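> So that we are looking at the same thing, I have put the structure below in structure tokens.
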Amino acid sequence: MKTIHTVTLNPAVDKTVTVEHFAPGELNRIKTMRTDAGGKGINVAKVLHSFSVPVIAWGIQGGHQGKIILDKLSEQGIPSRFIEAEGETRTNLKVVDEHTKQTTELNEAGCIPSQELLEQFLACYEAGLDDAAIVVLGGSLPPGTPADYYRRLIEIANRKGVRTILDADGEALARGIEAVPFALKPNIYELETLLGTKFTSEEQIVSAARGLVSKGMSYILVSMGGEGSILVTKEEAYRVRPFPITPLSTVGAGDSMVAAMAYCLLACKTTAEMARWTSAAGTVTASKSGTDVCTMEQVEESLNRIEIEPMI
């Protein structure tokens with residue numbers, strides 16, 4: 001059976017702590033603490049695994065923290081193909097304020113992979129794509145990695161007939177687009193930064209997404225946090241509004257949308273169905289605390305609560 005592969009070049013050990021009332025500049029006593037394997041591609045793999053979709057997590061890891069990543073993936077039954085770099089995989093600290101329900105994130109930069117290791121990863125990746133239907137490329141590049149690295153990964157997948165979903169920002173996103181990924185999942189700020197503009201209407205967002213579609217991409221999913229999302233293809237566009245929730249953590253919400261997009265592509269669902277699934281997945285995950293993600297059952301139960309409206 002064809003599988004979905006996820007790539008997390010700059011993973012992190014996510015350490016999530018809760019405090020009763022976060023007070024900057026003062027002593028804060030931690031009430032609870034949990035450790036998870038984190039990073040966009042890993043989060044996507046977790047959701048797909050919970051959907052019972054065959055998935056393999058690729059990436060680069062290093063040191064003691066890197067072994068924690070591998071152990072966590074193994075515990076969850078997610079196959080992994082990580083290459084070991086010198087240095088130490090980063091730790092991302094998330095401080096959850098129980099009173100305000102806000103999460104403060106403190107993210108490290110990550111270890112610096114050598115040029116030789118980056119070339120080794122490309123070779124392993126190319127050789128390992130034979131059973132892949134879709135590759136999800138997500139998150140920041142490790143320090144010192146060429147900005148066009150995602151472009152190279154997408155070009156390899158394109159040559160092998162494997163569809164790609166890119167979820168990145170800044171220069172990594174701009175250079176990755178040059179290789180024409182199959183689908184793109186920017187948030188509204190990433191899209192504005194990419195195009196150097198500020199959107200003042202939903203029609204402008206659709207027009208901008210259509211501009212990307214005209215370059216050869218098939219799906220553009222623009223996430224807008226609590227405001228919902230807009231999904232655009234060559235023939236269709238949908239304004240998607242989620243059901244009301246009390247957001248407990250935005251960690252992994254966008255990654256859950258990407259996972260749902262990959263699932264919908266694998267399951268050959270319609271664009272309208274994808275609009276519902278992606279929104280439901282992101283919304284359910286945002287309603288959970290810490291690094292918890294949605295399950296298939298929770299998403300299916302929420303589909304009818306999502307409002308979708310066709311746009312011209």
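The values are calculated or read from the model by the stated rules, or taken from the named source; none is laboratory data. Treat the numbers as computed from the prediction; the structure is a model and nothing was measured. Note: ideal-geometry Cβ built from the backbone for every residue, glycine included; neighbour counts use all protein chains shown.
> I'd like to know if the stretch 212-225 contains one or more residues that are within 22 Å of Arg163 (Cβ to Cβ), touching a Ser or Thr at 6+ places or on another chain (Cβ under 9 Å) and of a type in the set (D, E, K, R).
No; the residues of the stretch 212-225 include none that is within 22 Å of Arg163 (Cβ to Cβ), touching a Ser or Thr at 6+ places or on another chain (Cβ under 9 Å) and of a type in the set (D, E, K, R).
> Only one of (1) modelled with pLDDT of 95 or more; (2) in a loop (DSSP other than H, G, I, E, B); (3) surrounded by fewer than 16 Cβ atoms within 10 Å (Cβ to Cβ) fails for Ile245. Which number is that?
Failed condition: (1).
> Name, by its number, the condition in (1) of a type outside the set (Phe, Trp, Tyr); (2) in a helix (DSSP H, G or I); (3) without any contact (Cβ under 8 Å) to a residue 60 or more places away in the chain; (4) in contact with an Asp or Glu (Cβ under 8 Å, 6 or more places away or on another chain) that does not hold for Cys111.
(2)
> Mind counting the residues in the stretch 180-220 that are under 19 Å from the mean Cα position of the chain (by Cα) and either among the aliphatic types (A, V, I, L, M) or outside any helix (DSSP H, G or I) (or both)?
Looking only at that region, the number is 16.
> I've got another one for you. Does the stretch 250-270 hold any residues that are within 17 Å of Glu300 (Cβ to Cβ) and of a type in the set (A, V, I, L, M), and which are they?
Listed by number, the residues that qualify are Met257, Ala259, Ala260, Met261, Ala262, Leu266, Ala267.
> Now a separate question. Hey, does the stretch 39-59 have a residue that's in a strand (DSSP E or B) and under 19 Å from Thr285 (Cβ atoms)?
Here is the first cut: in the stretch 39-59, the residues in a strand (DSSP E or B) are 55-59.
Keeping just the survivors that are under 19 Å from Thr285 (Cβ atoms) gives 55, 57.
Yes: one or more hits.
> Something else: Answer yes or no: is there a residue in the stretch 221-228 that is among the aliphatic types (A, V, I, L, M) and part of a helix (DSSP H, G or I).
No - not one qualifying residue is present in the stretch 221-228.
> Can you name the residue in the stretch 108-137 that is among the small types (Gly, Ala, Ser) and at pLDDT 95 or above and, of all such residues, is surrounded by the most Cβ atoms within 10 Å (Cβ to Cβ)?
Ranking the candidates gives Ala132 first.
> Before we move on, is Ile220 buried (at least 18 other Cβ atoms within 10 Å of the Cβ) and not charged (D, E, K, R)?
Values: buried (at least 18 other Cβ atoms within 10 Å of the Cβ): yes; not charged (D, E, K, R): yes.
The answer is yes for Ile220.
> Could you check, for the stretch 38-55, whether at least one of its residues is over 25 Å from Ala132 (Cα atoms) and either of a type in the set (Lys, Arg) or touching a Gly at 6+ places or on another chain (Cβ under 7 Å) (or both)?
No; the residues of the stretch 38-55 include none that is over 25 Å from Ala132 (Cα atoms) and either of a type in the set (Lys, Arg) or touching a Gly at 6+ places or on another chain (Cβ under 7 Å) (or both).
> Which of the residues spanning the stretch 296-307 are surrounded by 16 or more Cβ atoms within 10 Å (Cβ to Cβ) and more than 9 Å from Pro242 (Cα to Cα)?
Met296, Gln298, Val299, Ser302
> While we're on this one: Do you know which of the residues in the stretch 126-153 that are of a type outside the set (A, V, I, L, M) and under 16 Å from Ile42 (Cα atoms) is farthest from the chain's Cα centre (by Cα)?
In this case the residue turns out to be Pro142.
> Out of everything in the stretch 260-312 that is in contact with a Cys (Cβ under 8 Å, 6 or more places away or on another chain) and among the charged types (D, E, K, R), what residue ends up being nearest to Lys40 (Cα to Cα)?
The qualifying residue nearest to Lys40 (Cα to Cα) is Lys288.
> Do we find a residue being among the aliphatic types (A, V, I, L, M), crowded, with 24+ Cβ neighbours inside 10 Å, in contact with a strand residue (DSSP E or B) (Cβ under 8 Å, 6 or more places away or on another chain) and assigned to a loop (DSSP other than H, G, I, E, B) anywhere in the stretch 257-274?
Checking the stretch 257-274: not a single residue is among the aliphatic types (A, V, I, L, M), crowded, with 24+ Cβ neighbours inside 10 Å, in contact with a strand residue (DSSP E or B) (Cβ under 8 Å, 6 or more places away or on another chain) and assigned to a loop (DSSP other than H, G, I, E, B).
> Now, a different point. Hey, can you tell me all the residues within the stretch 73-107 that are over 18 Å from the mean Cα position of the chain (by Cα), of a type in the set (Asp, Glu) and either surrounded by 12 or more Cβ atoms within 10 Å (Cβ to Cβ) or not in a helix (DSSP H, G or I) (or both)?
Passing the criteria: Glu84, Glu86, Glu88, Asp97, Glu98.
> Assuming Asn304 fulfils every condition listed in (1) in contact with a helix residue (DSSP H, G or I) (Cβ under 9 Å, 6 or more places away or on another chain); (2) within 28 Å of Gln204 (Cβ to Cβ); (3) assigned to a helix (DSSP H, G or I) apart from one, which condition is it?
Exception for Asn304: condition (2).
> Next up: Does Ser279 satisfy being in contact with a helix residue (DSSP H, G or I) (Cβ under 6 Å, 6 or more places away or on another chain), hydroxyl-bearing (Ser, Thr, Tyr) and at pLDDT 95 or above?
The answer is no for Ser279.
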